[in-house]
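The values are calculated or read from the model by the stated rules, or taken from the named source; none is laboratory data. Because the structure is a prediction, the values reported are computed rather than measured. FYI the Cβ positions are ideal-geometry reconstructions off the backbone, even for glycines, and counts take in every protein chain you see. What goes into the accessible areas is simple: the full protein's heavy atoms, side chains included, and nothing from ligands, DNA or RNA. Shrake-Rupley method; radii C 1.70, N 1.55, O 1.52, S 1.80 Å.
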2 protein chains.
Amino acid sequence: LVQFIRGALGNGIEAFGLRDDAGVLEVPGGGPLVVSVDSVVEGVHFDLSLCRPSDVGWKAVMGALSDLAAMGAAPLGALIALCVPGGSGDGSLALGVMAGVAEASAASACPVVGGDVSGAAELVVAVTVLGTVGPAGSGDPGPGPVSRAGARPGDVVVVTGPCGGSLAGLRELRERPAAGDGTVETGSAYRRPVARLREGALARLGGAHAMIDVSDGLALDVHRLADASGVGFALDDVPVAAGATLDEALGGGEDYELLIAVGPAELDDLRAAFEADGLRELVRLGELSANPDERTLRGAALERLGWQHRLG
Amino acid sequence: LVQFIRGALGNGIEAFGLRDDAGVLEVPGGGPLVVSVDSVVEGVHFDLSLCRPSDVGWKAVMGALSDLAAMGAAPLGALIALCVPGGSGDGSLALGVMAGVAEASAASACPVVGGDVSGAAELVVAVTVLGTVGPAGSGDPGPGPVSRAGARPGDVVVVTGPCGGSLAGLRELRERPAAGDGTVETGSAYRRPVARLREGALARLGGAHAMIDVSDGLALDVHRLADASGVGFALDDVPVAAGATLDEALGGGEDYELLIAVGPAELDDLRAAFEADGLRELVRLGELSANPDERTLRGAALERLGWQHRLG
């Protein structure tokens, strides 16, 4: 994906941070602005027989916000481009999607600051999010946005929560679709994921060296972090969400937990900061090494599982 | 459109400026950030038998940038969400679109700072643009973003150039499709419109009271400006692009010229600033009045022509 865009734009784009979860932009007179765009497309990313229109809106916003979380940024606002099939003549599909957008916006304190609605053959929701790393109104902006590329040999890799819940939720929905009235909360990890904004901000303030969100599967995203940082990894453990299998934890996407590389000396303080904030306990996956070819889980080679975006 | 989103989000959104061409966002420690998103969808906004993929990319970027121009903002960056049909297996459609995006980006000094590529049933390009009104590095940000709503009775309404060229170009293309090799520049006003960023910035610095871009047709957009400002208008003249008809100038969209409401005392200075900058001469359309029900062209009622976005 990134390689593709980079190719089309003649490599100039690398300078703008596209190798990270989000781009970083200097605003004249302001701090760095962290920006990202993410689209969800009917038939590619979701199936309306398995989730409500409001779930689609919620997920689209949370998926985009997760890219801010992975940089340690706090949201400033979101812009929504909504394309809806002409057949939904009464606008109920679009209204449902926007209701979910509004819920996610409220839950994340991320106001919707722009939008566009168009007809289309299928439902598409493209969400652009803008964020900042400076605590609003403070003189001290703290550390800058956290890249994927800053991890160092000897760092510990932790994750903010168990993985595989989203894919397990999808499996559950395929076996037993959610009630249309919203009373049955089947597959909620799939339908209502949460961007780990607070966790990402704490990790940035706690000196994390590198971060990435688990959007395409832990076993793919940990490789990406290692690739960007030029390191290897030896993992001992993978936390599996309740109801999920290890394969789902490794290969499922859309969990939106954060993988964090942090120096061993900083880990205890980071754990304490998470505890003081009432967040879930960080789970240690393993360590990073200087050999970029070392990519193991419990001593065996870890394949690049997970959902790789493909063209064509 | 805006009413629709506002309804879905429970009216909270008006505070975020969605009634204007672009939203305005305060960045902690920085000046106002001007943001907008615009989508183009195959079969709704363009037909690939009438224009090249690079034209689609160019138009998508310029259409979004035109919203910045209408606020008097200078571009900081763009984010591209690209959805391409799976059938274009070799990626040539996506590469063509991105080539046009890169051309428009270079022509506007607006770097691409983020992107997302997905499969889809038809080609969709959603472009988010970010801009600023403060001259980079200067201590004085000048006047803020120009709204649609600031026009006053007695203001003169001017337009930055003749209208109808885009629709006339589309008609021309339907009669005689462009050569695939790009040597025949049929319909270039349709295929390669230009966002009037310099004009918008000069108008803002020159004290314009209100602006809007002619994206959906002059005869619709002048009503919108009058609606937002609570004024009426009496127009004497409409400049018609070479090869276009008066109906095309009134009802065609995507011209991306700017309608500017300016105090009569400021008009001469604004004309001089345009001339000093080598820009085309501003064309006077008429005057604004205190009676919001007065909506005339040469004494006759001016209908709301133009392309109104519809759902369903």
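Copy-to-copy label distances for A:Arg152, where each label lies 7 Å from Cα along Cα-to-Cβ, are 6.1 nm in order of increasing length. Accessible surface buried at the A:B interface totals approximately 4800 Å², computed with a 1.4 Å probe on protein heavy atoms.
A Förster distance of 51 Å, applied to the separation of the beta-carbon atoms of A:Ala272 and B:Ser188, puts the FRET efficiency at 0.20. Copy-to-copy label distances for A:Asp227, where each label lies 7 Å from Cα along Cα-to-Cβ, are 4.8 nm in order of increasing length. Would you please state which residues of the range A:45-83 a label at B:Glu26 would reach in this model, taking the label point 7 Å out along Cα→Cβ and a backbone N cut-off of under 20 Å? In the range A:45-83, the label zone of B:Glu26 (backbone N under 20 Å from the point 7 Å along Cα→Cβ) covers A:74-79. Between the beta carbons of A:Asp293 and B:Arg174, assuming R0 = 60 Å, the FRET efficiency works out to 0.55 to the nearest 0.05. For the range A:216-301, the set of trypsin sites (Lys or Arg not before Pro) satisfying both a DSSP loop assignment and a count of at most 16 other C-beta atoms within 10 Å is given as A:Arg280, A:Arg298.
Heavy atoms only, 1.4 Å probe, whole protein assembly: order A:Leu205, A:Leu48 by accessible area, highest first.
A:Leu205, A:Leu48
Count the net charge of all other residues whose Cβ sits under 9 Å from the Cβ of B:Asp38, scoring Lys and Arg as +1 and Asp and Glu as -1.
Taking every other residue near B:Asp38 into account, the sum is -2.
With K and R counted +1 and D and E -1, the other residues having a Cβ less than 12 Å from that of A:Arg304 yield a net charge of -2. Per-residue Karplus couplings for the range A:47-53, computed as 6.51 cos²θ - 1.76 cosθ + 1.60 with θ equal to phi - 60°, are listed in order as 9, 5, 7, 10, 8, 7, x Hz, Gly and Pro entered as x. Positive contributions from Lys and Arg (+1) and negative ones from Asp and Glu (-1), summed over other residues with Cβ under 14 Å from the Cβ of B:Ala234, come out at -3.
Report the extension gain between A:Ala107 and A:Leu205 in nm, rounded to one decimal, defined as 0.36 nm multiplied by the number of residues separating them, less their alpha carbon distance.
Result for the pair: 33.1 nm of gain on full extension.
Volume per residue for the range A:136-292 equals 121 cubic angstrom (convex hull of Cα atoms).
Backbone phi angles across the range B:260-276, fed through the Karplus curve with coefficients 6.51, -1.76 and 1.60 (θ = phi - 60°), yield HN-Hα couplings of 10, 9, 9, x, x, 6, 8, 4, 5, 5, 5, 4, 5, 5, 5, 5, 4 Hz in residue order; Gly and Pro are listed as x. How many angstrom lie between the Cα centre of the range A:211-232 and the Cα centre of the range A:141-157? If you average the Cα positions of each part, the centres end up 12 Å apart.
With respect to the axis relating copies A and B by rotation, the chain A residue whose beta carbon is closest, plus that distance in Å, is A:Gly30, 1. Under the combined filter of DSSP loop state and at most 16 neighbouring Cβ atoms within 10 Å, the range A:200-289 retains these GluC sites (Glu not before Pro): A:Glu281. Between the amide H of B:Leu33 and those of B:Leu25, B:Glu26, B:Val27, distances stay under 5 Å, these residues lying 5 or more places away or on another chain, with hydrogens modeled in the peptide plane.
Solvent-accessible area per residue in the range A:190-312 equals 41 Å², computed with a 1.4 angstrom probe and all protein chains kept. Site pair A:Ala265 and A:Asp237 shows an inter-label distance of 2.5 nm when each label is modelled 7 Å from Cα along Cα→Cβ.
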